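Below you'll find the structure, written out as structure tokens, and then a few comments.
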Amino acid sequence: MKDVYDEILGDINNAVTLHADETGWRVRAKNWWLWVFGTQDSAYFTVDKTRGGSVVRRVLGEIFLGLLVVDGWRAYLKLICEQQSCMAHLLRKIRKFRDAFPHLSDIVSFYVKLRRILRDGERLQANREKLGEMVFRRRLNRLKKRLEDLLNWPNPDDILQEIIKKVKRQQPRILTFVEHPEAPCHNNYGEFLIRIGVLKRKISGGSVSAEGANAYAILLSVHVTCKLRGISFPKYMKESLRQYIRTGKPMSLSTYSTFIADNSDLKKAA
């Protein structure tokens, strides 16, 4: 299925909005990493020894032309592209500080103001066409100014200073989503895609060899991509293997979609 795996890789490299996430994996009882790069209809999984930027560059190259939505992990910064950090992650971290120090009212105030900026960003994104480009740009600049002012909080205590430091690290990637139609300000979809790997790890503990891990990543990519496209994985595999026996090449997912459509038309005609 390597050819199909490469087909999925091509799909994600041409994505307008791409989600990425990673989780721990075990290979021969050693710590490895399972990565996913996914769109609404394709998911590419890979297993690697490292959680570093070399994996991102291996999958996406040096430059990615779409928007990459990630959880803020620094490995993704090795890639030249527009990025949106997961604000759900960031807000969760601030809530932990808020809950740990309930007597510090500045943390609550900072959290509420940051959340309001994000919600105003979502409204601005949704109303872009209605407002027109000039008004949209003016309001976006105003939104960025509000974020800048928030991060210049006067005389923050040590705890709030630590929070502001975390937010500042993500500042260039907080409001990117506003300029991309329907792009989210969170990476919930990336977490949804990686979850199947998390469940598999809990059940099996990982892979017993590097070859097995690679085979798992290939089959998982095909399986999840089929699911996202509403294709029956067993039926696709059956037809793909039939073609492989005849030609030495598996059936591509795009060819299978055409194959299903043609069969459906024949049945209607009959």
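Every number in this text was worked out from the coordinates using simple rules, so none of it is lab data. Every value quoted in this text rests on a predicted model; they were computed, and no experiment measured them. Quick reminder, even Gly has a Cβ in these numbers, built from the backbone with ideal geometry, and neighbours come from all protein chains shown.
Helix 158-170 versus the longest principal axis of the chain: what is the Cα-based angle in degrees, 0 to 90, to the nearest 10?
Compared with the principal axis, the helix lies near 40 degrees.
Which length gain, in nm to one decimal place, applies between ASP6 and ARG229 when the Cα-Cα distance is subtracted from 0.36 nm times their residue separation?
Working: separation 223, 0.36 × 223 = 80.28 nm, distance 1.70 nm.
In short, 78.6 nm is gained.
Cut-off is 10 Å between beta-carbons; in what order do CYS185, CYS226 appear when sorted fewest neighbours first?
Details: CYS185 23, CYS226 20.
Sorted ascending by nearby Cβ count, the order is CYS226, CYS185.
At a threshold of 8 angstrom on Cα-Cα distance, excluding pairs fewer than six apart, so keeping six or more, what relative contact order does the stretch 29-134 reach in percent?
Values: 89 pairs, mean separation 15.5, N = 106.
Dividing the mean separation by the residue count of the stretch 29-134 yields 15 percent.
Given points 7 Å out from each Cα along the Cα-Cβ axis, report the GLU162 to VAL108 separation in nanometres with one decimal.
2.0 nm
In degrees, nearest 10, range 0 to 90: what is the angle between the Cα axis of helix 105-126 and the longest Cα principal axis of the chain?
For helix 105-126, the angle is close to 50 degrees.
Multiply the residue gap between ARG169 and LYS130 by 0.36 nm, knock off their C-alpha separation, and tell me the result in nm, one decimal place.
Details: separation 39, 0.36 × 39 = 14.04 nm, distance 3.26 nm.
Roughly 10.8 nm would be gained on extension.
Return the long-range amide H neighbours of ARG26 (sequence gap of 5 or more, or a different chain), with a cut-off of under 5 Å between placed amide H atoms.
Here TRP32, SER207 satisfy the definition.
Which residues does a label at ASN152 reach in the stretch 104-145, if reach means a backbone N under 11 Å from a point 7 Å past the Cα toward the Cβ?
Only 145 pass the distance filter.
Could you line up TYR244, TYR216 from fewest to most neighbouring Cβ atoms inside 10 Å?
Ordered by Cβ neighbours within 10 Å, fewest first: TYR244, TYR216.
ARG123 versus THR258, label points 7 Å from Cα toward the beta carbon: distance in nm?
4.8 nm
R0 = 25 Å: FRET efficiency of SER204 with TYR244, Cβ-based, nearest 0.05? Show your work: numbers first, answer last.
On the way: r = 27 Å, r/R0 = 1.07.
After rounding, the FRET efficiency stands at 0.40.
Once the Cβ-Cβ distance between LEU219 and SER54 is put in as r, and R0 is 22 Å, what FRET efficiency do you end up with, to the nearest 0.05? Intermediate values should be presented prior to the final figure.
Working: r = 24 Å, r/R0 = 1.08.
My answer for the efficiency is 0.40.
Per DSSP helix of 4 or more residues, -39500 (n - 2.57); summed, then divided by the residues of the chain. What does that give at 222 nm, rounded to the nearest 500? All intermediate terms of the calculation are to be shown ahead of the outcome.
Details: 11 runs with 160 residues, N = 270.
Here the helix-only value at 222 nm equals -19500 deg cm²/dmol.
Tell me, what is the percent relative contact order of the chain, built from C-alpha pairs under 8 Å that lie six or more residues apart? Before the final figure, lay out each step's value.
On the way: 352 pairs, mean separation 72.1, N = 270.
Averaging sequence separation for qualifying contacts and normalising by length gives 27 percent for the chain.
Using only Cα atoms, tell me the angle between helix 133-151 and the longest principal axis of the chain; keep it within 0 to 90° and round to the nearest 10.
60 degrees
Counting only DSSP beta bridges with both residues in the chain, what percent are antiparallel, rounded to the nearest 5?
Numbers: 15 of 24 bridges.
Taking every DSSP beta bridge within the chain, about 60 percent pair in antiparallel fashion.
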